[in-house]
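Below is one structure, written out as structure tokens; comments come after it.
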Amino acid sequence: MINREIYLAKLRQLRDQNLIKVVTGIRRSGKSTLLEAFKNELATSGVARKNIIFYNFEERESLHLIKWATLYDEIIKKITNEKKYYVFLDEVQLVNDFEKLVNALFTKKNIDLYVTGSNAYLLSSELATLLTGRYIAINIQTYSFAEYALAYYKEKNTDKLFRQYINTSAFPEAVNLAQSNETLVNDYLQAIYDTVIGKDIAERYKLRNLHNLHRVISFVFDSVGSYISPTNIAATLNKNSKKTISHNTINKYLDFLVKSYVLYPAPRYDIKGKELLTVNQKYYLVDLGLKNIVTTNRHDTDLGHKLENIVYFELLRRGGKVYAGKNNNKEIDFVVQKPNNEREYYQVAFTVNDEKTFEREISAFRNIRDNYPKYLLTLDYDNVSIEGIQKRNVIDWLLNL
């Protein structure tokens, strides 16, 4: 099992803080495993096992507790003294009126509460309003390249490993399957996809006809890293089609996919005007392996956008809000607004060995008037500084070398 240190570190910092710890992310991204690892850390640090209360509501043993009041009474029975208790509720959105449960448990001063959920309903406006200022969200994704490399620790050729990473799945169990029986990986990904589309979207939002949803998914998966809008998606899908789909419906579908953590948006940010733009944005796919079951994913195509997808999620992991940048008539792949109110700028290219490509990528930085760090990430082997811009090999950058 790979130690998800980046997320464990956050949980350690938040331990015993008067906040509800909400771990979110797509199904099978490792939320339950993360809670198990943290639970074991608590036990080894001296917390008595009886003071650690853990429920997974996807397990048969917990089905009788899906009424919130019944579960609340069950938990309170186990709290027999004033010592600190650590309560873990895995996939808590499966509990009826879970908002009432979370709120009631939070009022107990000797309970440190951790919950997980696989869709943004967990942080719906109702719950967010109820718990304003009383929770902190930790969003977990599939394996980073550094974590993936730990799983394939016997492979010392990081270039070869990265070519594999960029075209296959980084879901933790998919990585395990790939090392024992690679033919099962797509079946596993198909099961995740079907569950997310069927339960987290179709069932939750009461969708009957999924044909248009699948058409939109195919389009967006094939357009990772490109500027898109509901209007241009509708124009493309309705061309030569008997069944039309409105841009309003597409907008809803995109929202459903974001709330299920399948897609992550990068809104467009005007660097010069210092404002968010409402026209067009980019979407990134939580796991590139999903392209293999939805679109025709040739391993030697669209490598620049796949690389961009990997960099986007790494920037999220490292902290800050990630935007797609516009500076006059130039595009900056990513503008990162850091928690300390500073910024970073990133351009991503597969290679800039061609002089024309190099000039295009570097020229986008030239009219930025502030002195915040600027990075050009490529698969070229040289790590140099050019006009104050740090050119880094993306594999070294991902591995923090």
Query - All strands (runs of 3 or more DSSP E) inside the stretch 324-401 with 3 or more residues being surrounded by 11 or more Cβ atoms within 10 Å (Cβ to Cβ) and either in contact with a Phe, Trp or Tyr (Cβ under 7 Å, 6 or more places away or on another chain) or not assigned by TED's automatic domain parsing to the domain that holds Gly304 (or both) - result: 330-337, 343-348, 374-378, 389-393
Query raised in the report: In this structure, is Phe38 over 27 Å from Phe313 (Cα atoms), of a type in the set (Phe, Trp, Tyr) and crowded, with 17+ Cβ neighbours inside 10 Å?
Result: no
Report task. Scan the stretch 241-264 and give yes if some residue there is at pLDDT 95 or above, hydrophobic (A, V, I, L, M, F, W, C) and either more than 26 Å from Asn139 (Cβ to Cβ) or outside any helix (DSSP H, G or I) (or both), otherwise no. Result -> yes
Report task. Those residues that are outside any helix (DSSP H, G or I) and touching a residue at least 12 places away in the same chain (Cβ under 8 Å), I need them from the stretch 193-206; list them, please. Result -> Arg204, Tyr205
Query raised in the report: Only one of these conditions is not met by Gln190: (1) closer than 22 Å to Asn292 by Cα; (2) surrounded by 15 or more Cβ atoms within 10 Å (Cβ to Cβ); (3) touching a residue at least 40 places away in the same chain (Cβ under 8 Å). Which number is it?
Result: (2)
Report summary line: Checked against (1) under 28 Å from Val175 (Cβ atoms); (2) surrounded by fewer than 17 Cβ atoms within 10 Å (Cβ to Cβ); (3) of a type in the set (D, E, K, R), Asp200 satisfies every condition except (2)
Requested in this report: Looking only at the stretch 282-300, decide whether some residue is hydroxyl-bearing (Ser, Thr, Tyr), surrounded by 12 or more Cβ atoms within 10 Å (Cβ to Cβ) and modelled with pLDDT under 95.
Outcome: yes
Report task. Report, by residue number, each residue of the stretch 84-98 that is surrounded by fewer than 20 Cβ atoms within 10 Å (Cβ to Cβ) and at pLDDT below 95. Result -> Leu94, Asn96, Asp97
Report task. Mind listing just one residue for me: the one in the stretch 283-323 that is small (Gly, Ala, Ser) and part of a helix (DSSP H, G or I) and, of those, nearest to Ala178 (Cα to Cα)? Result -> Gly289
**Report entry** Among residues of the stretch 57-90, those that are in contact (Cβ under 8 Å) with a residue 40 or more places away in the chain and of a type outside the set (Phe, Trp, Tyr), counted
**Finding:** 2
Query raised in the report: Across the stretch 103-149, which residue is surrounded by the fewest Cβ atoms within 10 Å (Cβ to Cβ) among those that are over 24 Å from Pro172 (Cα atoms), of a type in the set (S, T, N, Q) and at pLDDT 80 or above?
Result: Thr107
Query - Residue identified as under 23 Å from Val95 (Cβ atoms) and either surrounded by fewer than 13 Cβ atoms within 10 Å (Cβ to Cβ) or at pLDDT 95 or above (or both) among Asn3, Asn51, Asn81 - result: Asn51
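Yes/no per residue for (1) within 19 Å of Lys391 (Cβ to Cβ); (2) within 28 Å of the chain's Cα centre (by Cα); (3) touching a residue at least 40 places away in the same chain (Cβ under 8 Å):
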residue: Ile310; (1), (2), (3): yes, yes, yes
residue: Leu316; (1), (2), (3): no, yes, yes
residue: Lys321; (1), (2), (3): no, yes, no
residue: Lys330; (1), (2), (3): yes, yes, no
residue: Asn341; (1), (2), (3): no, yes, no
residue: Thr357; (1), (2), (3): yes, no, no
residue: Ile362; (1), (2), (3): yes, no, no
residue: Pro373; (1), (2), (3): yes, yes, no
**Report entry** helices (runs of 4 or more DSSP H) contained entirely in the stretch 53-169, each with at least 2 residues that are in the same structural domain as Val196 (by TED's automatic domain parsing) and not charged (D, E, K, R)
**Finding:** 145-151, 158-165
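The values are calculated or read from the model by the stated rules, or taken from the named source; none is laboratory data. Values in this document were obtained by computation on a predicted structure and should not be read as measured data. Cβ sites come from the backbone with ideal geometry, for glycine too, and all protein chains shown count toward neighbours.
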